[in-house]
Amino acid sequence: SCPNYDWYFNGSPWDSWGYGFRNCTSWVAYKLASDGKVGFTYLGNAANWPGNAAARGIPVSYGRDAQVGDAAVNPNGYYGHVMYVEAINGDSVVVSDYNRMGDGLYRGPEGGSAAVINQSSLVFIHF
């Protein structure tokens, strides 16, 4: 979690998957759980997700092969950032996420605020 951006729900900063509420990791965990996927709990900060997922035997691809429902990781920086792949648009992905700007807000296709990012800059985890 990002210690500068802790939010509390029912007296705790942690969700049931091991991530800080309203952090990017919590959003993607929620989406993956909603999809019935497994293996995404307690993977650490977003930057750690690809290595930790691969260590669990979950397929990971670098810069290509995105699929709708994947976790898309920008591993740059100490924490990194993880997003949920909502759609594929050629060589780019359309993602939804939380806390992209450090404000705890949701951004996604429903509000017209989804990011469109070239696949080459991301790591995809195929849960």
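Give me the 1.4 Å probe accessible area per residue for the chain, excluding ligands and nucleic acids, in Å².
I get 49 Å² per residue for the chain.
Taking the Cα centre of the chain as the origin and placing charges on Cβ (Lys, Arg +1; Asp, Glu -1), which of GLY57, ALA29, GLY104 is farthest toward the positive end of the dipole?
The residue sitting farthest along the positive end of the dipole is GLY57.
Using only helices, what value at 222 nm comes out for the chain when you add -39,500 (n - 2.57) per DSSP H run of length 4 or more and divide by the total residues, to the nearest 500 deg cm²/dmol?
Estimated from H runs of four or more residues: -4000 deg cm²/dmol.
Run the dipole for the chain about the Cα centre, Lys and Arg Cβ at +1, Asp and Glu Cβ at -1, nothing else charged, and hand back the magnitude in debye, nearest 20.
180
Can you give the accessible area of TYR98, probe radius 1.4 Å, in Å² rounded to 10?
Only protein atoms counted, so the area is about 50 Å².
Name the longest site-free stretch of the chain, where the excluded sites are trypsin sites (Lys or Arg not before Pro) in a DSSP loop with no more than 15 other beta-carbon atoms within 10 Å. Don't skip to the end; give the middle numbers.
Working: sites that count: ARG56, ARG64.
So the longest stretch without any such site is 65-127.
Based on the mean of other Cβ atoms within 10 Å per residue, sort peptides 85-94, 108-117 so the most packed one is first.
85-94, 108-117
At a 1.4 Å probe radius, carbon and sulfur cover how many percent of the accessible area of the chain? Walk me through the numbers on the way to the answer.
Details: 3140 of 6230 Å².
C and S fraction of accessible area: 50 percent.
The values are calculated or read from the model by the stated rules, or taken from the named source; none is laboratory data. Computed from a prediction, not measured in an experiment: that's the story for all the values here. Note: ideal-geometry Cβ built from the backbone for every residue, glycine included; neighbour counts use all protein chains shown. Calculation scope for accessible area: heavy atoms of the full protein, side chains included, ligands and nucleic acids excluded. Shrake-Rupley method; radii C 1.70, N 1.55, O 1.52, S 1.80 Å.
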